[in-house]
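Some notes on the structure that comes next.
The values are calculated or read from the model by the stated rules, or taken from the named source; none is laboratory data. Worth saying up front: this structure is predicted, and the values here are computed from it rather than measured. Glycine also receives a Cβ, built like all others from the backbone with ideal geometry; neighbour counts cover every protein chain displayed.
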């Protein structure tokens, strides 16, 4: 599996997005694939980041996608209407996304 992003480790799972537009959950101890979520086509995905029970990734075109961390179903899609090339940051109950135009987007 090829990826340009750092994986996110939480509990007994490792979440990673690959260069083929797939977000995957792997077993931390055995590397077994638990689920695969097919993401919409994008030039690049940034993330993943875990917030609550959702794994979040954002595309270079500004599409924010939330995926259920347990089952891998896409549960949310938000068009941010701006280009994004940086992994979101979660802190204090909010998600922060820096756009390519240097706008800071804060989501609850």
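Just to check your reading of the model, which residue among 17, 86 is surrounded by 14 or more Cβ atoms within 10 Å (Cβ to Cβ) and either closer than 27 Å to residue 106 by Cβ or under 12 Å from the mean Cα position of the chain (by Cα) (or both)? Walk me through it before giving the result.
Values: 86 fails: surrounded by 14 or more Cβ atoms within 10 Å (Cβ to Cβ).
Step by step, each of 17, 86 is checked, and only 17 is surrounded by 14 or more Cβ atoms within 10 Å (Cβ to Cβ) and either closer than 27 Å to residue 106 by Cβ or under 12 Å from the mean Cα position of the chain (by Cα) (or both).
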Residue that is crowded, with 20+ Cβ neighbours inside 10 Å, in contact (Cβ under 8 Å) with a residue 40 or more places away in the chain and farther than 20 Å from residue 4 by Cα, where the choices are 51, 25, 69: 69
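For region 82-95, does any single residue satisfy the condition of being in contact (Cβ under 8 Å) with a residue 60 or more places away in the chain, in a loop (DSSP other than H, G, I, E, B) and under 24 Å from residue 2 (Cβ atoms)?
The answer is yes, given that some residue of region 82-95 is in contact (Cβ under 8 Å) with a residue 60 or more places away in the chain, in a loop (DSSP other than H, G, I, E, B) and under 24 Å from residue 2 (Cβ atoms).
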Scanning region 32-48 for residues that are at pLDDT below 95 and assigned to a loop (DSSP other than H, G, I, E, B), the one surrounded by the most Cβ atoms within 10 Å (Cβ to Cβ) turns out to be 42
Condition test on residue 101, is it in contact (Cβ under 8 Å) with a residue 12 or more places away in the chain and on the phi > 0 side of the Ramachandran plot? no
